[in-house]
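Each remark here refers to the structure printed beneath this line.
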Amino acid sequence: MTRRTSLSLTSRIMIGMVFGILLGSVLKFIIGDAGERYISLGLFDLAIKGFFVDGLFHIGGAIFIASLKMLVVPLVFISLVCGTCNLSDPAKLGRLGGKSIALYLLTTAIAITVAISLALFFSPGDGVAIPTDATFDNKSAPSLVQVIINMFPTNPISAMANGNMLQVIVFSLLFGIALALSGEPGKRLGLIFDDLNVIILKLVTLLMNVAPIGVFCLMAKLFTTIEVGVILSLGKYFLVVLFALIIHAFINYSILLKLLANLSPLTFLMKMKDAALFAFSTSSSSATMPITLETATKKLGAKNSVASFTVPLGATINMDGTAIMQGVATVFIAQVFAVDLSISDYLMVILTATLASVGTAGVPGVGLIMLAMVLNQVGLPVEGIAIIMGVDRLLDMTRTAVNVTGDCMVTCVVAKSEGEFDQNIFNDMNAAKELEEINFKK
């Protein structure tokens, strides 16, 4: 009697990612200049680009991302309402908010400090020529005061429709508090929200099973359009950012997790594989949020009452990966344009980027807007952003994975400090495998 074995979700996603990268690279060669030297393409070239790249791959990837984003608002709203209305101590919300924001700002400050230190040591901007056509459309970011005012929605339905996550979070918290204070009617409606939460998580499970196909399409399309020459010309900058991201994800988070929660960093990182892969392939903390929330609660052991608050908040304001890019990019642009920055300038970069991680929350293109703010603060030309934009897409994938890892790390620390953490789930390495097998069979 043979025992049926199935690949884990992580393995299936990795297979989809690798095959997507390989196929995209092959198609890039065929439809590029190199391919034209050996193959007479003609209509074949148009067929590949039109049918595969702009057709199947684009459709498959776009539907996958849209499906993930479809779940974000209902998942955040329902999870937060469930978590809030079940809190026995209303004052806990204040503690959760204070601890979460403080930890997110701390990790962002550490991230940009590490990034600046590595950039000063390796000097990625030395010897890089200034492009004559470097242009960047600088959009202004709202002030921190305006962001605080805008957190409170005038129309919660509009906030949900537009995906304004800070407003959705605030309304969900207020609605959950009102539900908890409404006596018997609140209890009846709370049971309905509990059932809705089960249904939403079932939708997450369904999407997880088709994720390898979506990841394959995303990677195939991306690597058909990537310009390898641009990456090579900015290779030193690319590697310094990548090195800083790896240090922050594997070393800084591990130290904080061990010091603040006395949890095993190795166990934590092993259980983060799926969420990190999702984040890498989607380049969106918001789109990955359903997977992040499931990882935090079912694999890492954080209770939903905490995770439903810290994960959406982290997806909105946690910018560790972006802060690393800003730190290296600031030093890089200063070196390219031969501008000497003082110690006080670098301290201003750290302060500005850390505060801007909250002040620009929810703004489209947030990374580049934050970088423009930082450059303006220390008198560097904003046009320098155009130099690094060619490699930003690949780095964006990696820093999103770092951001998601940070969201879960903070969730574990806050949950442990509040006594809302299941140590047995965290320590059980089979829990993640059993969850994957259950999801696969369903």
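The values are calculated or read from the model by the stated rules, or taken from the named source; none is laboratory data. Please read these numbers as outputs of a predicted model, since none were measured by experiment. No Cβ is skipped: glycine too gets one built from the backbone with ideal geometry, and neighbour counts run over all protein chains shown. All accessible areas refer to the heavy atoms of the entire protein, side chains included, with ligands and DNA or RNA removed. Shrake-Rupley method; radii C 1.70, N 1.55, O 1.52, S 1.80 Å.
Do we have Lys236 as part of a helix (DSSP H, G or I) and touching a Pro at 6+ places or on another chain (Cβ under 8 Å) here? Here the answer is yes, as Lys236 does meet what is asked.
Only one entry in Leu166, Leu207 is in contact with a Gly (Cβ under 6 Å, 6 or more places away or on another chain) and either within 27 Å of Ala66 (Cβ to Cβ) or assigned to a helix (DSSP H, G or I) (or both), namely Leu166.
With respect to the conditions (1) within 23 Å of Gly419 (Cα to Cα); (2) without any contact (Cβ under 8 Å) to a residue 24 or more places away in the chain, Pro312 falls short on a single one, namely (2). The residues of segment 112-127 that are touching a residue at least 24 places away in the same chain (Cβ under 8 Å), farther than 13 Å from Leu347 by Cα and among the hydrophobic types (A, V, I, L, M, F, W, C), listed by number, are Leu118, Ala119, Leu120, Phe122. In segment 357-369, is there at least one residue being surrounded by 16 or more Cβ atoms within 10 Å (Cβ to Cβ), over 20 Å from Gly97 (Cβ atoms) and modelled with pLDDT of 90 or more? Scanning segment 357-369 turns up no residue that is surrounded by 16 or more Cβ atoms within 10 Å (Cβ to Cβ), over 20 Å from Gly97 (Cβ atoms) and modelled with pLDDT of 90 or more. Here Ile59 does not fit the description of being open to solvent by 60 Å² or more (accessible area, probe 1.4 Å) and at pLDDT below 85. Among the residues in segment 281-289, are any out of contact with any helix residue (DSSP H, G or I) (no Cβ under 6 Å at 6 or more places or on another chain), of a type in the set (S, T, N, Q) and farther than 29 Å from Lys416 by Cβ? Among the residues of segment 281-289, not one is out of contact with any helix residue (DSSP H, G or I) (no Cβ under 6 Å at 6 or more places or on another chain), of a type in the set (S, T, N, Q) and farther than 29 Å from Lys416 by Cβ, which makes the answer no.
Val391 passes all but one of (1) closer than 19 Å to Leu242 by Cβ; (2) open to solvent by less than 10 Å² (accessible area, probe 1.4 Å); (3) modelled with pLDDT of 80 or more; which number fails? Looking at each condition in turn, Val391 falls short on (3). With respect to being in contact with a Phe, Trp or Tyr (Cβ under 8 Å, 6 or more places away or on another chain), open to solvent by less than 10 Å² (accessible area, probe 1.4 Å), part of a helix (DSSP H, G or I) and among the β-branched types (Val, Ile, Thr), Val215 fits the description.
Quick grid of which residues meet (1) open to solvent by 40 Å² or more (accessible area, probe 1.4 Å); (2) at pLDDT below 95:
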| position | (1), (2) |
| --- | --- |
| Val204 | no, yes |
| Leu207 | no, yes |
| Ala220 | no, yes |
| Thr225 | yes, yes |
| Gly235 | no, yes |
| Leu256 | no, no |
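Against the conditions (1) more than 20 Å from the chain's Cα centre (by Cα); (2) touching a residue at least 24 places away in the same chain (Cβ under 8 Å), Ile343 satisfies every one except (2).
Counting just the residues of segment 338-356 that are touching a Leu at 6+ places or on another chain (Cβ under 7 Å) and not hydroxyl-bearing (Ser, Thr, Tyr), which one comes out least open to solvent (accessible area, probe 1.4 Å)? Per the criteria, the residue is Val339.
Taken as a whole, the structure places Ile149 among residues that are farther than 28 Å from Ala276 by Cβ and surrounded by fewer than 12 Cβ atoms within 10 Å (Cβ to Cβ).
Evaluate segment 81-95: report whether one residue or more is within 18 Å of Ser285 (Cα to Cα) and either modelled with pLDDT of 85 or more or surrounded by fewer than 17 Cβ atoms within 10 Å (Cβ to Cβ) (or both). So that I can check it myself, show each step before the final result.
Initial filter on segment 81-95 (within 18 Å of Ser285 (Cα to Cα)): none.
So far as segment 81-95 goes, no, none of its residues is within 18 Å of Ser285 (Cα to Cα) and either modelled with pLDDT of 85 or more or surrounded by fewer than 17 Cβ atoms within 10 Å (Cβ to Cβ) (or both).
Taking the stated definitions as given, is Phe278 among the aromatic types (Phe, Trp, Tyr), open to solvent by less than 10 Å² (accessible area, probe 1.4 Å) and within 16 Å of Val210 (Cα to Cα)? Yes, satisfied.
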